[in-house]
Amino acid sequence: MPALPFFKRLFLLAACAMWTFCAHAESKPRLIWTIRDMPPFTILEGPLKGKGIADRMLALLQADLPQYEHVVSVANRARANQILSSGVLTCDSGLLWSKEREQMMYFSIPTLGILTNGVVVRKVDEEKLAPFIQKGEFDLAAFIADGRYNLGTLVERSYGKVIDTELARAKPGTIVVHHGTDATLSLLRMQQHQRLSVVLGYWPELRYQSENAGVTLEALNFYPVKGVPTYQLAYVTCSKTPEGLQAIKAINASVRRLREGEVVDLYAQWLDGDTRKAYLKAAKGFFKE
């Protein structure tokens with residue numbers, strides 16, 4: 001049988017190589033990452049789009065996990081929980097641990113230490129809220145038990161064990177739960193129109209969104225919640241399936257490498273002054289596994 005001309009052989013070799021590459025790409029398992037609009041953790045719009053804390057953490061994880069085809073899905077916490085429970089391989093790059101969540105998803109080793117949630121109060125309201133402000137902390141239990149004021153939160157967000165426990169005890173009407181998009185921004189605007197007494201959240205998040213809500217930082221004070229540790233640990237979570245467990249094992253290996261590099265600075269850059277110095281010092285003791 002006569003040999004094929006050189007260019008025909010070259011074409012066939014290139015075609016085979018392309019087919020092999022495509023077949024390999026198609027064989028990669030698809031991993032869906034759920035994200036939500038939560039600046040400065042995840043920034044979906046504006047000049048800092050894609051440069052948030054969780055944005056950059058997710059980019060590092062995706063680059064370190066080339067064995068997966070990565071797909072990003074924007075969803076609020078309630079919708080993300082539905083996706084995680086659907087049986088499809090799904091992960092989230094930043095969640096707090098809770099007993100309820102552990103029933104429906106696998107948790108990685110800790111990825112990041114963050115300042116705990118607290119409440120933001122308008123300075124003009126501090127006189128009437130003074131009974132709940134003690135030594136620079138906010139007595140959330142007493143505030144909720146009082147029942148005269150209300151508190152803005154986000155749908156199905158966990159604020160940590162202590163805060164979640166107090167929220168569960170609240171009387172109807174005390175907690176205003178926002179279900180829509182731009183939720184934190186909307187809650188801050190509601191507070192400015194005196195429809196909310198306080199808003200619960202992370203200080204970097206509340207500070208970032210306060211500017212979008214047209215509120216100067218000088219008009220607000222942030223208070224950590226009484227009885228809550230200064231810092232909390234965040235985790236990657238994946239759907240509770242065999243594929244999710246396999247993904248978590250791979251993610252744990254990546255997280256151990258990434259924690260030795262720039263991960264701590266991803267969060268620290270959004271803090272300032274003494275808060276940043278204290279965080280960087282505390283960060284040395286965040287991870288024990």
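The values are calculated or read from the model by the stated rules, or taken from the named source; none is laboratory data. The model shown is predicted, which means the values in this text are computed figures rather than measured ones. Don't worry about glycine lacking a Cβ; one is built from the backbone with ideal geometry, like all the others, and counts go over all protein chains shown.
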Among the residues in the range 265-281, are any aromatic (Phe, Trp, Tyr) and assigned by TED's automatic domain parsing to the domain that holds LEU140? no
Helices (runs of 4 or more DSSP H) fully within the range 175-289 counting 2 or more residues that are over 19 Å from the mean Cα position of the chain (by Cα): 183-192, 203-212, 242-258, 273-283
Counting only strands (runs of 3 or more DSSP E) wholly inside the range 30-122, the ones holding at least 2 residues that are touching an Asp or Glu at 6+ places or on another chain (Cβ under 6 Å) and within 19 Å of LYS161 (Cα to Cα) are none
Can you find a residue in the range 137-149 that is without any contact (Cβ under 8 Å) to a residue 40 or more places away in the chain, more than 17 Å from PRO224 (Cβ to Cβ) and among the aliphatic types (A, V, I, L, M)? yes
Members of the range 206-242 that are crowded, with 19+ Cβ neighbours inside 10 Å and hydroxyl-bearing (Ser, Thr, Tyr): TYR208, SER210, TYR223, TYR235, THR237, SER239
Reported set for the range 50-62 where residues are of a type in the set (A, V, I, L, M, F, W, C) and closer than 13 Å to LEU31 by Cα is LEU58, LEU61
Among the numbered criteria (1) under 28 Å from ARG257 (Cα atoms); (2) in contact with a helix residue (DSSP H, G or I) (Cβ under 8 Å, 6 or more places away or on another chain); (3) modelled with pLDDT under 95, which single criterion is violated by LEU44? (2)
Being without any contact (Cβ under 8 Å) to a residue 24 or more places away in the chain and part of a loop (DSSP other than H, G, I, E, B) is the requirement here; does ARG157 meet it? no
Restricting attention to the range 236-250, does a residue exist that is touching a helix residue (DSSP H, G or I) at 6+ places or on another chain (Cβ under 6 Å) and polar (S, T, N, Q)? yes
With criteria (1) in contact with a Ser or Thr (Cβ under 7 Å, 6 or more places away or on another chain); (2) within 30 Å of PHE286 (Cα to Cα), VAL119 comes up short on (1)
